[in-house]
1. Determine, yes or no, whether B:G62 is closer than 16 Å to B:E125 by Cα, surrounded by fewer than 17 Cβ atoms within 10 Å (Cβ to Cβ) and not aromatic (F, W, Y).
2. Go through the range A:5-29 residue by residue and tally those that are open to solvent by 20 Å² or more (accessible area, probe 1.4 Å), free of Cβ contacts under 8 Å to residues at least 24 places away in the same chain and either more than 17 Å from A:L61 (Cα to Cα) or of a type in the set (G, A, S) (or both).
3. For the range A:1-32, give me each residue that is over 20 Å from A:K68 (Cβ atoms), of a type outside the set (G, A, S) and more than 8 Å from chain B (Cβ to nearest Cβ).
4. Looking at A:V89, A:V78, A:V32 in this structure, which one is open to solvent by less than 50 Å² (accessible area, probe 1.4 Å) and more than 30 Å from B:I13 (Cβ to Cβ)?
5. Only one of (1) surrounded by 18 or more Cβ atoms within 10 Å (Cβ to Cβ); (2) more than 17 Å from the chain's Cα centre (by Cα) is not met by A:G70, so which one is it?
6. When you check B:S56 against the structure, is it in contact with a Leu (Cβ under 9 Å, 6 or more places away or on another chain) and more than 14 Å from every other protein chain (Cβ to nearest Cβ), yes or no?
7. Taking the stated definitions as given, is A:A6 closer than 30 Å to B:L127 by Cα, at pLDDT below 95 and either touching a strand residue (DSSP E or B) at 6+ places or on another chain (Cβ under 6 Å) or small (G, A, S) (or both)?
8. Condition test on B:K49, is it in contact with a strand residue (DSSP E or B) (Cβ under 8 Å, 6 or more places away or on another chain), open to solvent by 30 Å² or more (accessible area, probe 1.4 Å) and at pLDDT 95 or above?
Number of protein chains: 2
Amino acid sequence: MFSAKAHYGLKAIIYLAKNTGKGPIQAKEIAVTQSVPVRYLELLLSQLKKARLINSNRGKLGGYYLSKPGSAISIFDVVSSLEGKISFVSSHEVKENDAIETTVTGFWKKAEDDLIGYLQQTNIEELLQKANTGEQMYYI
Amino acid sequence: MFSAKAHYGLKAIIYLAKNTGKGPIQAKEIAVTQSVPVRYLELLLSQLKKARLINSNRGKLGGYYLSKPGSAISIFDVVSSLEGKISFVSSHEVKENDAIETTVTGFWKKAEDDLIGYLQQTNIEELLQKANTGEQMYYI
């Protein structure tokens, strides 16, 4: 349904949330820890930056960091900045009085609204907490 | 998220449900009423037939018909026969003890399960009833 962009972009931004307070994080560090090729990651980071979810500093000590708290960034913000408009089927002409077309379009619209709601109701901080809890479980 | 196949395949099969009891329906009739090119429609019909959701007769009076009641065909049956496995992100290697990867994969899995549940809980007969109700509304 989504491309790998949504998956790796989400991993990258959770990693930045995890390292909040440690100064800018280099793309290379994100790439290595999150198992994503650095060139591909840089494309994702530039899209997240364009959407103003993250910021960057240049130079030797430069890197990336969240532009606001993780609790203020929903998964919807991240996914829509990487994947564009979320829709179940591409739009097409709807003939007036075409009851089957109207019904099927309404059926997809409900699935779309449910998915968007799910993406909106969860934020980066919540996924980070979940990952932290999981991490503790590994080491118990 | 889905291709046009899911949309037009669903319209075609609802049209067949609507015409249950009228004998086999020609592809041309479905194509014209559902505004879909006949060659493309024939591809969808062959996939639906392969999945044993519809049947066909050859010859001059041949055509397509549902192979079971519309109430026994879920939207999931139709969509998965046309689009294959439903998954939010392509599968990839998961490193052991990678808490962020595990969390993000779990997040997609929940979205996937919710969508599959939604597609499974609705059947063709229900969408047909909805379309019929809509049709009556147009003509009131």
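The values are calculated or read from the model by the stated rules, or taken from the named source; none is laboratory data. This is a predicted model, so every value here is computed, not measured. FYI the Cβ positions are ideal-geometry reconstructions off the backbone, even for glycines, and counts take in every protein chain you see. When the accessible area is computed, the model is the full protein with side chains, heavy atoms only, and any ligands, DNA or RNA have been set aside. Shrake-Rupley method; radii C 1.70, N 1.55, O 1.52, S 1.80 Å.
1. Numbers: closer than 16 Å to B:E125 by Cα: no; surrounded by fewer than 17 Cβ atoms within 10 Å (Cβ to Cβ): yes; not aromatic (F, W, Y): yes.
Here the answer is no, as B:G62 does not meet what is asked.
2. Residues that pass the stated criteria total 2.
3. Across the range A:1-32, the qualifying residues are A:K5, A:Y8, A:Q26, A:K28, A:E29, A:V32.
4. A:V78
5. It is condition (2) that A:G70 fails.
6. Values: in contact with a Leu (Cβ under 9 Å, 6 or more places away or on another chain): yes; more than 14 Å from every other protein chain (Cβ to nearest Cβ): yes.
Yes; evaluated as a whole, the condition is true for this residue.
7. no
8. yes
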